[in-house]
Amino acid sequence: MPVRAEHDRAVLAALLGRDPVLHAYQLGDLDDFFWPYTSWFRRDEEVALLYHGAETPTLLAFAPPRRAGRLAALLREVAPVLPAHLWAHLSPGVEPALAGAFRMDAAGPHHRMALTDPARLDGQVAAGTVLHAGDLPALHRLCEVAYPGNWFDPRMLDTGQYVGVRDGGELVAVAGVHVFSPAYRVAALGNVTTHPRWRGRGLAAAAVTTLCRRLRERVTHVTLNVKADNAAAVRLYGRLGFTRVADYGEYALHAHQR
C-alpha cells in the first residue's frame, strides 16, 4: 500500500489507539481543537502526523521497535512533500529515512513517560488553583523568566487544565497540558515550570499533583515528554508515579536543495 493522505478520524483513532500512550499527542490532535491544523499520512497501519498550528511545523512519527522499518518506509515516501523546514519527533531507528532529504540537527533524546502508579499521588502535597484566560499575562511573565523558548498555545488555557501556584498576586509555578482529550481519554503534561526564585520548594510537584488528580477524572492515560538528560525532572515525575515507556529523538530538519 503506497502512502496516502488519511482524512478519516475513526480510522486514525483505531490505528493510534492500539498504543494510546505512545500516540497520546496524535490522539489528542484528532480533537476539533487541533484537527484543522493537522495533516495525516498513512501507509498500511503506520501513521505520521504533520502539525502545522505553530510557526514551525512539527512531524510526529512513532512506532514500537518491531514496526520501525515500516514507519521508515512511510517517511521515505512522504519526505518529498514535507516542508523545507520543520521539527520532527521520531522513534529510534527511523531517522535514516529522512536523512537523504534533510539535514537533521539533533536536539537530543527524550523520554515518553506515563502515569502508571497514580496511587503515589495520594502521598503528595497538592497545591495550586485553576488558571483561566484572564491569567494569560501572568503566565507569559512567568514563562519569560522561568521557561524561555518553550512552546505554549494560549488556547490551551481554555481546557481548564492549567494549575498555578501564587505568592500574593504573583504567579510563581505552573503545571499545564499540551494535550487534553476526554474524547480519546488522553492527556499530556506541558509548560511545567517554577520561577527561579522559588525553585527547590516542591511547588512544581505540588502543582503537577493537583493537575494529575484533575486529569484522572476525565482521561485514562496521562503522559509527558522530558529530555533524557533532565535527571531532576525524571526523578520528580518518578516520585509522582510516572514511568518511562518509550524514547524518541527531536530534530530540526532543513531540506537539502530540491
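The values are calculated or read from the model by the stated rules, or taken from the named source; none is laboratory data. Keep in mind it's a predicted model, so treat the numbers as computed, not measured. So basically every Cβ, Gly included, is an ideal-geometry build from the backbone, and we count neighbours across all protein chains shown.
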**Prompt:** So which residues in the stretch 148-165 are over 16 Å from the mean Cα position of the chain (by Cα) and either of a type in the set (Gly, Ala, Ser) or at pLDDT below 95 (or both), if there are any at all?
**Reply:** Pro148, Asp158, Gly160, Gly164
**Message:** Can you report the number of residues in the stretch 225-242 which are out of contact with any strand residue (DSSP E or B) (no Cβ under 7 Å at 6 or more places or on another chain) and not in a loop (DSSP other than H, G, I, E, B)?
**Reply:** 6
**Request:** Could you please give the count of residues in the stretch 133-158 that are buried (at least 19 other Cβ atoms within 10 Å of the Cβ) and either of a type in the set (Val, Ile, Thr) or touching a Pro at 6+ places or on another chain (Cβ under 7 Å) (or both)?
**Result:** 1
**Candidates Val222, Val245, filtered to the one that is modelled with pLDDT of 95 or more, in contact with a helix residue (DSSP H, G or I) (Cβ under 7 Å, 6 or more places away or on another chain) and outside any loop (DSSP other than H, G, I, E, B)** = Val222
**Request:** Can you confirm whether the stretch 191-213 contains a residue that is farther than 23 Å from Val145 by Cβ, among the aromatic types (Phe, Trp, Tyr) and touching a strand residue (DSSP E or B) at 6+ places or on another chain (Cβ under 9 Å)?
**Result:** no
**Request:** Identify the single condition in (1) of a type in the set (Gly, Ala, Ser); (2) outside any helix (DSSP H, G or I); (3) touching a residue at least 12 places away in the same chain (Cβ under 8 Å) that Gly200 does not satisfy, given that it satisfies every other one.
**Result:** (3)
**Message:** Tyr51 - would you say it is touching a Phe, Trp or Tyr at 6+ places or on another chain (Cβ under 7 Å), buried (at least 16 other Cβ atoms within 10 Å of the Cβ), closer than 18 Å to Ala188 by Cα and not assigned by TED's automatic domain parsing to the domain that holds Gly190?
**Reply:** yes
**Asked** Say we look at the stretch 47-63 and pick out the residues that are modelled with pLDDT of 95 or more and in a loop (DSSP other than H, G, I, E, B); which of these is farthest from Gly17 (Cα to Cα)?
**Response** Pro57
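If a residue must be polar (S, T, N, Q) and part of a helix (DSSP H, G or I), how many such residues does the stretch 64-100 contain? Before you say what the answer is, go through the steps one by one.
Pass one, the stretch 64-100, residues polar (S, T, N, Q): 91.
This time we only want the ones that are part of a helix (DSSP H, G or I), so: none.
Summing the residues that are polar (S, T, N, Q) and part of a helix (DSSP H, G or I) in the stretch 64-100 gives 0.
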**Members of the stretch 1-25 that are charged (D, E, K, R) and either closer than 16 Å to Tyr248 by Cβ or touching a strand residue (DSSP E or B) at 6+ places or on another chain (Cβ under 7 Å) (or both)** = Arg4, Glu6, Asp19
